[in-house]
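Reviewing the structure listed below.
What follows draws every value from the coordinates through simple rules; no lab data is involved. Note that this is a predicted model, so its numbers are computed, not measured. Note that we place each Cβ from the backbone using ideal geometry, even for glycine, and neighbour counts take in every protein chain shown.
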Amino acid sequence: MFEIVILTLDSTVRLSTPLLLACLAGLYSERSGVVDIGLEGKMLGAAFGAGAVAYLTGNAWIGLLAGMAVSIGLALIHGFASITNRGNQIVSGVAINFLAAGLTALLGQTWFRQGGRTPSLPEGGRFRDIILPYAEELRDVPVIGGIYSELLSGHNILVYAAFVAVPLTWWVLFRTRFGLRLRAVGENPAAVDTAGISVTWLRYRAVIACGALCGVAGAYLSIAQSSGFIKDMTAGKGFIALAALIFAKWKPANAMFACLLFGFLDAVAIRMQGQKIPGIGEIPVQFFQALPYILTVILLAGFIGKAIPPKAAGIPYLKERS
Amino acid sequence: MSAGQLPRWVDYGLIPFLNLAAAFLVSGLVVVLIGENPLDAVELLVWGSVGYGEGIGFTLFYATNFIFTGLAVAVAFHAGLFNIGGEGQAYIGGLGVAFACLALDHIVPWYVTLPFAIIGSALMGAAWAFIPAWLQATRGSHVVITTIMFNFIASSLMVYLLNNALKKPGSMQPETRTFEVGGRLPFLNDIFPSFGFGYAPVNLSLFVALAACVLVWVLIWRTKLGFEIRSFGANATAAVYAGISPVRTIVITMLISGGLAGMMAINEIMGSQHRLLIDFVTGYGFVGIAVALMGRAHPVGIVLASILFGMLYQGGAELSFEMPNITRDMIIVIQGLVILFAGALEHMFRPAIVKLFTPSRALAAKEA
């Protein structure tokens, strides 16, 4: 029983990582007042960029950088549309999702001719699991061995990076001048403007940070979790991350717990497939798939606390003219 | 710079045209990137979509879907709401069509089934929009987010239902049994053989869609409810001050919107597939956003935009036959670019155009 719990939690960590990275990405963007439903597309673009470049260079780190570059590029399109041109941020996000879905499949087929996937990565093109010190020695110790050697050890570096990014994001947003201004621009951009700080530049920086983190999330999918890009491999993870962001009420620590919860639901769904629970029977796997969204809607309905978005989220800032 | 400074034909003609041109230009660059000749691609695309009877039939078939989802988004736009859940509402709408057809197809002819299918799809689509609408109206939770969530919930629900409750006994496919004649709309090719639509699945629901356009026009511009919807969309605070109930307006608008999205299923399920199956919506709901934006939320514009997107769908399919390097994913790329340039970057060319169309006298007066 203990072993099953540890194994489920272990896969929870693996499944939560891309959600967490994308969720933190959305946190930067939305806290600055730019709503981003294009997380999915940015992740997908990054996964493709990372998969393709890691295959060509055989270097996972260059792959990661390529993924981040693709994602930041898409983020800049979103920024150009919604900050510079004051376009509709939802429409822009939808456009980015379409672009990423179409371009990754199209270019993937043109360049690699394997039905939209990238070829399997060579040695070195993929992030390997890291065995923490003494993990092997402690494996047989009861309880601690399970927790340390199975659960904490043996993940790739992006998993650890995702969880380090949580306190880091908190520190940046709540303990630095940049973070204070970023939050201010999401609540009351006019006040920030009055203080002589550029709303545009602040929001662009937030959008770029969002792109970078989404890039890591996408790279994780194609060159860490699996060995290559597969068409539509994000499969709605960007939207689950968005749900998690709302569920977390736009706070970094909450974001981690929300992503762990949604990752846990996913892990349980995989484990429960085809298994009967005494007294209830078999729970359909679709129920677990829908549960993150159902929970978020219930939260939005105000039945478990209240999710209040940043006040200026989704509203383009128009500097007053004389 | 207000919109009133530009002549109407510039606002409704030139600017959308420039946005589209920009989208197609970038699409052309993508084609070049793949290593094909973009002009050949355009020729193939246009020929494939309107060059012969069957192509036109397919174009009109796809356009029918887009008219429904485009109208759905447009109605919500008029109330200042963004219904991004057309995808899920259309999917659930399929249930309504399937229930009507499965219950009636072996008893009555299609023209008796059709009203029930219309009511069923509209009711199911509206029902799927109701919770997001109600939450927006009474709890202030943003309708964009809740409708996105409902798209995914709809998808899971339909996969479950089709794999368990609705599956044809003894079949492995997650789909219902094929409808009998009483659950099939006649193809236009059978009604008007002279047009030569061939095997194109364009069917009678095209006329249902056009009727819906007229009804939406009447509703929005010729009824009290439409006036309330537009007032609420233009200035919610003023509308409430004038005695328009926000809860009522939001909920009713979203119900109409969801109902229209749900009716898309008539074309796909009763008109073409003749059975309820997984993932029959595949993006039509999202493209409805682009259609509504390009059509300026007016039924006439929506019909034109729907035909354009129908051409892209059909022409793109033809293109992928002739140029195997350009897969059907190219359509998704073009759609993305159209949504980007015609939607999100809508105002990119406006400042330059305003400058161009401001008479020099007015400028001089301003400077003086």
Cα gyration tensor category, rounded, prolate or oblate, for region A:83-171 with a/c compared to 1.5: oblate
Computed helical MRE - 222 nm, chain B, DSSP H runs ≥ 4 contributing -39500 (n - 2.57), nearest 500: -22000 deg cm²/dmol
Volume per residue of the C-alpha convex hull in chain B, rounded to whole Å³: 168
Total charge dipole magnitude, chain B, about the Cα centre, Cβ charges on Lys, Arg, Asp, Glu only, Debye to nearest 20: 1240
Loop GluC sites (Glu not before Pro), region A:59-142, which have at most 10 other Cβ atoms in a 10 Å radius of their Cβ (DSSP): A:GLU123
Region B:185-224 - Kirkwood radius from inverse mean 1/r over Cα pairs (Å): 11.6
DSSP-assigned coil residues among chymotrypsin sites (Phe, Trp or Tyr not before Pro) in region A:73-143, each with at most 12 further Cβ atoms within 10 Å: A:TYR134
Residue of A:ALA206, A:ALA54, A:ALA290 that the Gaussian network model of chain A assigns the largest fluctuation, springs spanning Cα pairs under 10 Å: A:ALA290
Highest-MSF residue in chain B out of B:GLY315, B:GLY94, B:GLY196 [GNM, Cα springs under 10 Å]: B:GLY196
Region A:138-244: relative contact order in percent, alpha carbon pairs under 8 Å with at least 6 residues between: 14
Dimensionless Rg ratio for region A:88-133, taking C-alpha atoms and the 2.2 N^0.38 Å reference: 1.75
Overall dimensions of region A:141-238 by Cα: Rg and Dmax, Å: 18.7, 61
Residues with amide H under 5 Å from that of A:ASN156, placed H, sequence gap 5 or more: A:ILE130
Average projection area in nm² (convex hull over Cα atoms of region B:1-66, one quarter of hull surface): 6.7
Low-density loop positions, chymotrypsin sites (Phe, Trp or Tyr not before Pro), region B:1-91 - DSSP coil, at most 16 other Cβ in 10 Å: B:TYR52
Relative packing of peptides A:23-36, B:27-40 - highest average C-beta neighbours within 10 Å first: A:23-36, B:27-40
Bins of 10 Å from zero: percent of alpha-carbon pairs in chain A: 6, 25, 32, 24, 10, 2, 0, 0
Interchain or long-range residues, amide H under 5 Å from B:GLU175's placed H: B:LYS168
Computed over region A:1-137, Kirkwood Rh from alpha-carbon pairs, angstrom: 16.8
Cα-based radius of gyration of the protein assembly as shown once divided by 2.2 N^0.38 Å, which approximates compact folds: 0.98
Inter-part distance where region B:296-364 and region B:223-276 are each reduced to a Cα centre, Å: 25
Interatomic Cα distance distribution for region A:164-322, bins of 5 angstrom, percent: 2, 7, 12, 16, 17, 15, 12, 8, 5, 3, 2, 1, 0, 0, 0
³J(HN,Hα), Karplus 6.51/-1.76/1.60, whole Hz, each residue of region B:123-128, x for Gly, Pro: 5, 5, x, 5, 4, 6
Two-decimal Rg/Rh across region B:276-326, once Rg and the Kirkwood Rh are taken from alpha-carbon atoms: 1.08
Whole-number Å³ per residue for the convex hull built on Cα positions in region A:45-121: 73
GNM flexibility winner over chain A from A:GLY45, A:GLY102, A:GLY274 (Cα, springs under 10 Å): A:GLY274
Alpha-carbon centroid distance for the pair region A:253-322 / region A:10-39, whole angstrom: 12
